[in-house]
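Report on the following structure.
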Amino acid sequence: MKNSDQLRIPHSIRSFLRSVVGAIGGLLAGLLICRFAGESPGKVLTVLLNSSFGSGYDFGMTLFYMAYFILAGLAVAIPFKAGLFNIGGEGQLTIGALAAAWAGVAGAGIQSPVLAVLFATAASFLAGGIWGAIPGYLKARRGSHEVITTIMMNFIAAGVTSYFTLYVLKDPDSSQAETIPLSMVFQLKPFAVFNGAPMGGLILALMAMTLVLHLVLRNSVWGYRLKATGENETAGSTFGISAPGAWLSSMFVAGGIAGLTGLVEVLGNSHRFKIGFSADYGFVGIAVALVARGNILGILPSAFLFGVLQKGAGSLDLETDKVTRDLTYIIQGLIILGVASDGLWELPARLWRRRNA
Amino acid sequence: MRNLLRIHAFLPLWALAVLSVPSASAQLRVGLVLERSGKDDKSFNASAYQGLKRAEKELGVSTKTVEAPDNAAYESLQRAFAEKKFDLIIAVGFHQLESVKKNAARFPNQKFLLVDEDAKAPNVRSVMFEEHEGSYLVGALAAMHAPGGKIGFIGGMDVPLIRRFETGYVAGAKKINPKVQMLSNYLGVTGEAWNNPPKAKELALDQFNRGAEVIFVAAGNSGVGVFDAAADRKKLAIGVDSNQNWLKPGSILTSMLKRVDEAVYDSVKLFKEGKFTTGLIRYGVKSKGVDYSLDEHNARLVTEADKKQLEQLRTEIVKGKIKVPDYYLIQKK
């Protein structure tokens, strides 16, 4: 890419292209590391691609992981607009998932699948939203730092969910720590092409939701309030934009979206709440949002990339002799590094300018 | 970029190449799917892995071990093994129950071994351990070594499985000393509970301060913290799952063994001999599938009289004279 061209490309597209190049650079660096472990990078890449695109089932599983990461990524990216760093996604998503399982028990009499799914969606969103709004409120009212409060809320969420799972909603027929299974009306149907992978129309709904969120945040007054608060809270309040309002509302929406994980996990996959179902998806969401550079639409490709890596992790164990699932964590780290080292792009331009000065 | 696209374009060919590699010999191929905690958990998964490695060495089977990165991967990995036509697929841990059920139905000719749950499928051999029976024996031994009448229990997460250890343990202790007092703590409510030795040590020190003389710990990796505390205070601890006596010789009274390694090895051996059967197999004190460990590290702690008494209890359990309370049945009531 030449400098003269760069000037004509709109900022958003340039920023997107930089992220893509950064991510590919990180991926290539990660693959090169395999050489040191004595495994050929080409083979590792093939395993990763095959494991995510090799069959309908594999692709369905990749989309299934992607669904977790879309939600967890949005839960970080939205408050980030208002200048908050939400690392409570893990707690918000477990609470949301538990609420979905509760909805299945409380709404056992519901006959219509549409009503059942709407009820569970509302329960997950509200539960996650309230869980997110608590740190938002503490920040707005007391100025408590959200990094501290959200991470503490994660532990409280773990305690609350295990109490409900073991003593309130416990499945008496199971020796495991899990809730009563959902009835058929609550279960989401997967697509047949995915041949057994637990993913269906939900992934399309989540993509549409992301698009809508992107438009809302860009064009609505609410989106403007978040942005004004995030960019400069003092300047915002001079113009009559309430920072506490932006904090509280963004944390509520973020928590609610994280809570929708209940749809992916409980309605779509296990049809019940199991303690420890999440492989720290809430924390991976931070990385997803980082790679997307906080851009709402960017969450989609970023979540997909993390889905590919999550699906590939197990396959690396299976298909290669010298590298294990841990390699994907190295690759994730390098991709984040590749995307985050944004300043490097300015280096040639600066040198060029200096030479012509 | 162009190179990447080219690889993409040839993907179906790659896939074909991978699939069409013929199995080099008639060697038996066994695939092992471990839980998230993996083969280095010094406990349950480690034991399964050792059992398989022993089978590889002694029975000449070819093996492949994978560690699942998340709970949804259990199904993918078992399925990948089945598609690669492995002869036997071993799934370790109760988390894999649902996925084994699904895959057993999808691949009706594929044989599975599931450890720690009952899949109730015609092509699955399910192995379950009577943890409460083994815990009963170590509970009795704990009471014999607690003249003050106070013993402790430290569990990982408060889940039914660990409650099953606890109820068996108390019952065994009460058999020896009906007035025995029990202190009980659980480490936490997240997966971290299985991997938090410092907290386990604090809890153990607290229990020792309150007068406990022996502490039984069923908390995965966190157990080492309890062993540390026992060594510091010159008190006793009891290990779990694999033989942990060597970790702090002299401070570990015994370990409540859960012979996952035996279950894995036996199943592979039976498979090789063509005697593999499906259905539920229970490993209790009778088959020594759960047991207390004796070795050079605790030889000076467990006396001949102790052993005699324990063996007496074992026979009574086997004969049905002693009914060890089973938490799985208690919670259903």
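Numbers for the structure displayed
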item: Proximal aspartates and glutamates relative to B:LYS199, as straight alpha-carbon distance under 14 Å, when same-chain residues fewer than 8 apart are discounted; result: B:ASP228
item: Averaged over B:183-191, number of beta-carbon atoms from partner chains that fall within 10 Å; result: 4
item: Sequence-distant residues sharing a close amide H with B:ILE252 (under 5 Å, placed H); result: B:ALA237
item: Using alpha-carbon coordinates, inclination of helix B:160-176 to the longest axis of chain B, degrees; result: 30 degrees
item: GNM flexibility winner over chain B from B:VAL115, B:VAL189, B:VAL226 (Cα, springs under 10 Å); result: B:VAL189
item: Calculated diffusion of the protein assembly as shown, Stokes-Einstein form, Kirkwood radius summed over Cα pairs, 25 °C and 0.890 mPa s, µm²/s; result: 90 µm²/s
item: Whole-number percent relative contact order across chain B, with pairs defined as alpha carbons under 8 Å at least 6 apart; result: 17 percent
item: Shielding of A:171-183 by partner chains, average beta-carbon count, 10 Å; result: 4
item: Prolate/oblate/rounded label for the stretch A:157-278 (Cα gyration tensor, a/c 1.5); result: oblate
item: Of B:LYS39/B:LYS323; B:LYS120/B:LYS174; B:LYS258/B:LYS307, pairs whose Cα-Cα distance is over 29 Å; result: B:LYS39/B:LYS323; B:LYS120/B:LYS174
item: Residue-averaged beta-carbon neighbours from other chains (10 angstrom radius) around A:312-320; result: 6
item: DSSP-defined antiparallel bridges as percent of all bridges, the protein assembly as shown, nearest 5; result: 10 percent
item: Prolate/oblate/rounded label for the stretch B:22-84 (Cα gyration tensor, a/c 1.5); result: oblate
item: At R0 = 25 Å, FRET efficiency that the Cβ-Cβ distance of A:ALA208 and A:ASN232 yields, to 0.05; result: 0.20
item: Among B:THR303, B:THR63, B:THR277, residue whose mean-square fluctuation peaks in a GNM of chain B (springs only between Cα atoms under 10 Å); result: B:THR303
item: Helix B:73-83 vs. chain B, principal-axis angle (Cα, 0 to 90°, nearest 10); result: 50 degrees
item: Cross-link partners of A:LYS81 among lysines (Cα-Cα below 24 Å; sequence separation of 8 or more within a chain); result: A:LYS139, A:LYS227
item: Cα point-scatterer Debye curve for the stretch A:210-357, base-10 log of I(q)/I(0) at q = 0.17, 0.18 Å⁻¹; result: -1.14, -1.19
item: For q = 0.08, 0.16 Å⁻¹, Debye-computed log10 I/I(0) when each Cα of the stretch A:58-321 counts as one equal scatterer; result: -0.31, -1.16
item: R0 of 51 Å, Cβ-Cβ distance A:ALA106-A:LEU32: FRET efficiency to nearest 0.05; result: 0.45
item: Modelled FRET efficiency - R0 56 Å, A:ARG355 with A:SER144, Cβ distances, 0.05 increments; result: 0.65
item: Chain lengthening between A:ILE13 and A:TYR329 when straightened (0.36 nm per residue, less Cα-Cα); result: 111.0 nm
item: Loop trypsin sites (Lys or Arg not before Pro), the stretch B:143-209 (other Cβ atoms within 10 Å of the site Cβ: 16 or fewer; DSSP); result: B:LYS179
item: Amide H contacts of B:ARG125 (H built 1.01 Å from N, under 5 Å, at least 5 apart or other chain); result: B:PHE112, B:LEU113, B:LEU114, B:GLY279
item: Whole-angstrom gap from the stretch A:8-61 to the stretch A:316-357, using each part's C-alpha centre; result: 11 Å
item: Cα gyration tensor category, rounded, prolate or oblate, for the stretch B:251-333 with a/c compared to 1.5; result: oblate
item: Compactness of the stretch B:23-143 - radius of gyration and Dmax, Cα, Å; result: 15.3, 56
item: Length added when fully stretched, B:ASN177-B:LEU329, from 0.36 nm per residue minus Cα-Cα; result: 52.3 nm
item: The stretch A:201-209 - phi-based ³J(HN,Hα) in whole Hz, Karplus 6.51/-1.76/1.60, Gly and Pro as x; result: x, 4, 5, 5, 4, 5, 5, 4, 4
item: Debye log10 I(q)/I(0) at q = 0.12, 0.27 Å⁻¹ for the stretch A:196-250, Cα point scatterers; result: -0.40, -0.98
item: Chain B: angle of helix B:97-106 to the longest principal axis, Cα-based, in degrees nearest 10; result: 30 degrees
item: Of B:ALA121, A:ALA349, A:PHE304, farthest towards positive along the dipole that unit charges on Lys, Arg, Asp, Glu beta carbons give the protein assembly as shown; result: A:ALA349
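Since every read-out is calculated from the coordinates, none of them should be taken as a lab result. Since the model is a prediction, treat every value here as computed from it, not as a measurement. Backbone-built Cβ (ideal geometry, glycine too); neighbour counts: all protein chains shown.
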